[in-house]
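Right, one structure below, let's go through it.
The values are calculated or read from the model by the stated rules, or taken from the named source; none is laboratory data. Given the structure is predicted, the values throughout are model-derived calculations rather than measurements. For neighbour counting, all protein chains shown are included, and Cβ atoms are generated from backbone atoms with ideal geometry for every residue, glycine included.
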Amino acid sequence: MNKVVSNAQEAIKDIHDGVTIMLGGFGLNGIPENSIAALVQKGIRNLTCISNNAGVDDFGLGLLLQKKQIKKMISSYVGENAEFERQLLQGELEVDLIPQGTLATRIQMAAMGIPAFYTPAGFGTEVAAGKEVRYFNQKPYLMELALHADFAIVKAWKGDALGNLVFRKTTRNFSTSMAKAGTITIAEVEELVPPGEIDPDHVHVAGIYVHRIFQGQQYQKRIEKRTVRMG
Amino acid sequence: MALDKYGIAKRIARELQDGMYVNLGIGIPTLVANYVPEAITVIFQSENGILGMGPYPAEAEIDPDLINAGKETVTLIKGAALFDSAESFGMIRAGKIDLTVLGAMEVSENGDIANWKIPGKMVKGMGGAMDLVASAKNIIVAMMHTNPKGESKLLPACTLPLTGLRCVKKIVTDLAVLEITPKGFLLKEKAPGVSVEEIKAKTLGRLVCPANVPDMHI
């Protein structure tokens, strides 16, 4: 078993035009910086990207948007990216906006091998268009399908050679579910350690879900809104 | 005089009770955390995966791996817990959150809310708002009574794409506290110095005005 690759270029070597990719992160928090840079560099196009947000104009998925590499975005909130809003309003970009909890759970269902679930979110709104409505205890629910992807790319704090992952603070966000949902899952980590270094009790994503892992470099960890307490 | 956004937040803080788990939306709702009465303990949830969100960090405490749902740097209180987004919305959907405070562009007299899209103009996405309003036990809307053009945001029916149906319980604006009832917006309190006539003039939906409307305590 050898999951360790040397860098992002090697990890994404078989990602080609037109695939669907899940990318972990919430805003710029915990995004796979090295892999995004490699996707930009490789110039792959017509991507469908599943990610809660679309980055900002000059970082994260915003870098792929600027180069028009994304055909379709599946997200819940895209408000921090002017280029995204421009492409959307101009009709240059397909967008599927999904309630955040529905998005998280659709990914989680894919991770758990469950094809669909029912949620009250979006009932009576345009999100409900075309969806099956079912009542449980007199309350209406929408049927939502599991969301799969050809590749999932996540960034963890620590990982080992067997693919076990540990996340730090709020960077777990969508990444743990995505890591488990990808057909092929790529994990970039701040620190790659030998098996045994991570306490099994502390593993957030078990290695079975992770196909390729590498230690990333030069993390910027950009902060979107630097809010500070006075005094 | 009409309240400013801090006044609205202070009034909503009076709704907090000891032991509540509370989710605050972006904007005015976020300010509510600054006015929690000292005698009570309230735990703030942030839907990106925090229970026990604390105040903004001091400069030296800033951690880029720790943000809230508004993408702001934050801290954790002692006893905080972290989890992923799927679990976070699980606790929201399962009704564990006692109070949700969020902003709105429009609220209708039957409690519908619109706050995520202006067709052709603004498409930011709904984020977690649809999940929150569909499952929260108690929803308070914090907003200005009128939009920047001076038009009422309290309407007979929402004109913008909806976020959720019949979910709002209470609205705190710069002018008034109102409850959603089967007869429409019930005027419960008015901002000190604001007349009932002004509130009537700026409320397009059905407004029920009791004989005596007390001033808000802030």
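Tell me, which residue of region B:63-82 that is at the interface with another protein chain (Cβ under 7 Å from one of its Cβ atoms) and not acidic (Asp, Glu) is surrounded by the most Cβ atoms within 10 Å (Cβ to Cβ)?
For region B:63-82, the residue satisfying everything is B:67.
Is it true that residue A:161 is crowded, with 17+ Cβ neighbours inside 10 Å and either under 24 Å from residue A:61 (Cα atoms) or at the interface with another protein chain (Cβ under 10 Å from one of its Cβ atoms) (or both)? Working first, answer last.
Numbers: crowded, with 17+ Cβ neighbours inside 10 Å: yes; either under 24 Å from residue A:61 (Cα atoms) or at the interface with another protein chain (Cβ under 10 Å from one of its Cβ atoms) (or both): no.
Taking the combined requirement at face value, the residue does not satisfy it.
Looking at the structure I just gave you, is residue A:74 closer than 27 Å to residue B:163 by Cα, of a type in the set (Val, Ile, Thr) and more than 10 Å from every other protein chain (Cβ to nearest Cβ)?
So residue A:74 fits the description; yes.
Of all residues in region B:47-76, count the ones that are free of Cβ contacts under 8 Å to residues at least 40 places away in the same chain, among the small types (Gly, Ala, Ser) and more than 14 Å from residue A:229 (Cα to Cα).
Residues in region B:47-76 being free of Cβ contacts under 8 Å to residues at least 40 places away in the same chain, among the small types (Gly, Ala, Ser) and more than 14 Å from residue A:229 (Cα to Cα): 2 in total.
List the pairs whose first member sits in region B:175-188 and is of a type in the set (Phe, Trp, Tyr), whose second member is part of a strand (DSSP E or B) and modelled with pLDDT of 95 or more, and whose Cβ atoms are under 7 Å apart, counting only residues at least 6 apart or on separate chains?
From region B:175-188, the pairs are B:185/B:154; B:185/B:178; B:185/B:207; B:185/B:208.
Those residues that are closer than 25 Å to residue A:13 by Cα, assigned to a loop (DSSP other than H, G, I, E, B) and under 18 Å from the mean Cα position of the chain (by Cα), I need them from region A:199-219; list them, please.
Matches in region A:199-219: A:206, A:210, A:211, A:216, A:219.
Mind telling me which of the residues A:196, A:122, A:130 ends up being part of a loop (DSSP other than H, G, I, E, B), surrounded by 23 or more Cβ atoms within 10 Å (Cβ to Cβ), on the phi > 0 side of the Ramachandran plot and free of Cβ contacts under 8 Å to residues at least 60 places away in the same chain?
A:122
Given B:92, B:113, which one is crowded, with 23+ Cβ neighbours inside 10 Å and touching an Asp or Glu at 6+ places or on another chain (Cβ under 6 Å)?
B:92
When region A:84-111 is examined, which residues are found to be more than 10 Å from every other protein chain (Cβ to nearest Cβ), without any contact (Cβ under 8 Å) to a residue 40 or more places away in the chain and of a type outside the set (Asp, Glu)?
A:86, A:87, A:90, A:91, A:93
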